[in-house]
Amino acid sequence: MRRILIAGNWKMNVIDNILPVARAAEENRVDVAVFPPFVYLERIINELKGSKVVVGAQNMHHQESGPYTGETSPKFLLEMNVKHVIIGHSERRHVFKESDEEISLKMKKALSLNMNPILCVGETESERLSNKHKSSVENQLKIGLGGIENNLKNIIIAYEPVWAIGTGNTATPNDAEEMHSFIREQISYIFGRNVASEMIVLYGGSVNEENVKDLLRKDNIDGALVGGASLKGDKFAKIIEIGGKTNI
Ligand code: 13P
């Protein structure tokens, strides 16, 4: 049985008020995670002490130490007990030019340390318009998950079509479901049916309290990775509440 996960990726921002989020996580049968910027991790961990909200990181380096100015070691995250980490977000891929190969190294490192990586995949607008969305996502999954043998249960996938991120253009529930079902099929080719049927696949891209319900109703959509709408505590709490209702 897959449980709904509502996750907030704050990007280079901070939430206005975390309290409603902690309360909603307490009151609803749903998993909740937030991903603050690195420098705020410790503060948010402290503010959420005793709550059910998991605090994760937005990125990490694939090495544990070395001459990598500006980078963050997975070991530093583990020292703070941060185990969830977003890998290969579209902004990392497209703005910071992270390659599939780099993302694969990060996935392998995270899993070797028994962390919980959230691998983001998604096509660009031009790939969708030229009917290459499936092959693009297939390729990202093949490279991102290739060669991985351990801790498969720790892996979470987030399908985030690049054209839907920060644009207000959410994928329709049917289009999203089509891709989620395709992704699950690809996971089953890579890891087998059992692993695929248990793996959480989140949708991300302009999710808000109005559209989340219809997305979560779909069979293969197991939660949401929310950007903009996770920055207002009240709004994000509402999304968590809707997630809890869908879970039952
Ligand atoms: P928005 O919800 O702001 O579109 O961002 C989605 C996202 O990138 C989450 O990782």
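The values are calculated or read from the model by the stated rules, or taken from the named source; none is laboratory data. None of the values given here were measured: they were computed from a predicted structure. Cβ placement follows ideal geometry from the backbone for every residue including glycine, while neighbour counts extend to all protein chains displayed. All accessible areas refer to the heavy atoms of the entire protein, side chains included, with ligands and DNA or RNA removed. Shrake-Rupley method; radii C 1.70, N 1.55, O 1.52, S 1.80 Å.
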Just the number: Rg to Rh for region 129-224, Cα atoms, Kirkwood Rh, two decimals.
0.96
Among Gly205, Gly227, Ser181, the residue whose Cα sits farthest towards the positive end of the charge dipole of region 85-246, when +1 is placed on the Cβ of each Lys and Arg and -1 on the Cβ of each Asp and Glu, is Gly227
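Please find the FRET efficiency linking Glu149 to Asp219, where r is the Cβ-Cβ separation and R0 is fixed at 30 Å, and quote it to the nearest 0.05. Provide the component values of the computation, followed by the final result.
Working: r = 28 Å, r/R0 = 0.93.
It comes to 0.60.
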Show the residues, 5+ positions off or on another chain, whose built amide H is closer than 5 Å to the amide H of Val85.
Ala57, Asn116, Ile118
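Run the accessible area of region 1-53 with a 1.4 Å probe and give the carbon-and-sulfur part as a rounded percent. Each step should come with its number before you reach the end.
On the way: 1460 of 2830 Å².
Result for region 1-53: 52 percent of the exposed heavy-atom area is carbon or sulfur.
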To the nearest Å², the heavy-atom accessible area per residue of the chain with 1.4 Å probe amounts to 47
Per residue of region 109-125, what does 6.51 cos²θ - 1.76 cosθ + 1.60 with θ = phi - 60° give for ³J(HN,Hα)? Whole Hz please, x for Gly and Pro, Karplus curve as stated.
5, 4, 6, 5, 9, 6, 8, 10, x, 10, 7, 8, 9, x, 8, 7, 5
Could you derive backbone 3J(HN,Hα) for region 21-35 from the dihedral phi with the Karplus parameters 6.51, -1.76 and 1.60 (θ = phi - 60°), listing whole Hz in sequence and x where the residue is Gly or Pro?
5, 4, 5, 5, 5, 5, 8, 10, 7, 7, 7, 10, 9, 10, 10
Residue by residue through region 126-141, which ³J(HN,Hα) values in whole Hz follow from phi under the Karplus form 6.51 cos²θ - 1.76 cosθ + 1.60 (θ = phi - 60°), with glycine and proline marked x?
5, 5, 5, 5, 9, 6, 10, 5, 5, 5, 5, 5, 4, 5, 4, 5
Which residues qualify? For Ala158, with a placed amide H closer than 5 Å and at least 5 residues away or on another chain, they are Leu119, Cys120, Val121, Leu202
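Output the peptides 201-209, 136-144 sorted from most to least packed, where packing is the average of other Cβ atoms within 10 Å over each peptide's residues. Each step should come with its number before you reach the end.
Details: 201-209: 24.0, 136-144: 19.2.
Peptide ranking by packing, descending: 201-209, 136-144.
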Approximate shape of region 85-246 as ellipsoid semi-axes (Cα gyration tensor, √5λ), whole Å, largest first:
23, 18, 16
For Glu64, the residues 5 or more places away or on another chain with a placed amide H closer than 5 Å to its own amide H are none
Output the peptides 214-223, 116-125, 94-103 sorted from most to least packed, where packing is the average of other Cβ atoms within 10 Å over each peptide's residues.
116-125, 214-223, 94-103
Radius 9 Å from Cβ of Leu202, net charge of other residues (Lys, Arg +1; Asp, Glu -1)
-2
